[in-house]
Amino acid sequence: MSATSLLTESAARSAATASALAPETSGAVMSRDIPADEFRAAMASLAAPVTVVTCYDDTGAPRGLTASAVSSLSLDPPLLLVCLDRGSRTHDVLTGAAAFTVHLLGPENEVLARKFAGPTEQRFEGVTLATGPTSRHAPQLADSALRLTCARHDVIEAGDHTILVGRVAVADCLGRPAGGLVWHHRGFAHARPAETR
């Protein structure tokens, strides 16, 4: 038997196997979405960083919200993403802004996280803003562990959310100890370095 015949026979066997598996694997398993309540419960087990995202609106007023669906996206160029609920009153302002800042919060910032998840018009009341070169691009919260100021890179529609992609221009780290504020099982949790043995 020639090498060509062996390859042809092998390819035929692979195709037959894939065809036999397709109805049971891809057809049956992928024919429907997981129910929303099950998906929500599953995602509650995924610890997520708690951040505050800020920008200026068309009048120059500061706007912002608490966001936990935030992730690095690319190293070259330096990109991050923020997922925004289309039902949020701050959605259109953030997706339309030329620049925005993502503030990474620490365990000491629970009050700040709750404030920016509260009534829109009260979010900046009593909040200290930092001054400096990047504050002209987006509001800078003085009390945050890390500030990443971004230029809007892309806006992608995805289901009931919008993915806002930012190109990171400036990183301001305040030199806080390691650890962060996370959202886990529908509540705040404090991430701290594992103790070395």
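The values are calculated or read from the model by the stated rules, or taken from the named source; none is laboratory data. In this text, all values refer to a predicted model and were calculated from it rather than measured experimentally. Quick reminder, even Gly has a Cβ in these numbers, built from the backbone with ideal geometry, and neighbours come from all protein chains shown. Keep in mind that these areas ignore ligands, DNA and RNA; they rest on the heavy atoms of the full protein, side chains included. Shrake-Rupley method; radii C 1.70, N 1.55, O 1.52, S 1.80 Å.
Loop-located GluC sites (Glu not before Pro) in region 80-177 (DSSP state not H, G, I, E or B) with no more than 16 neighbouring Cβ atoms inside 10 Å: Glu125. If you sort Arg152, Arg186 by accessible surface, 1.4 Å probe, largest first, the order is Arg186, Arg152.
At a 1.4 Å probe radius, carbon and sulfur cover how many percent of the accessible area of region 44-197? Exposed carbon and sulfur together represent 54 percent of the surface.
Once you list every other residue whose beta carbon is under 9 Å from the beta carbon of Val52, what net charge do they have if Lys and Arg are +1 and Asp and Glu are -1? Don't skip to the answer; put the middle values down first.
Details: positive: Lys115, Arg123; negative: none.
My count for the surroundings of Val52 gives +2.
On a C-alpha basis, how far is the centre of region 127-179 from the centre of region 58-94 in Å? Whole number, if you could? Spelled out, the Cα-based centre of one part sits 8 Å from the other.
About the centre of its Cα atoms, region 48-142 shows a dipole size close to 60 debye [charges on the beta carbon of Lys, Arg (+1) and Asp, Glu (-1) only; nearest 20 debye]. Per-residue Karplus couplings for region 74-87, computed as 6.51 cos²θ - 1.76 cosθ + 1.60 with θ equal to phi - 60°, are listed in order as 8, 8, 9, x, x, 10, 9, 10, 10, 9, 10, 5, 5, x Hz, Gly and Pro entered as x. For region 83-168, the Kirkwood hydrodynamic radius comes to 13.9 Å, computed from all pairs of different C-alpha atoms.
In this structure, Arg40 and Arg89 have a Cβ-Cβ separation that, at R0 = 30 Å, corresponds to a calculated FRET efficiency of about 0.90.
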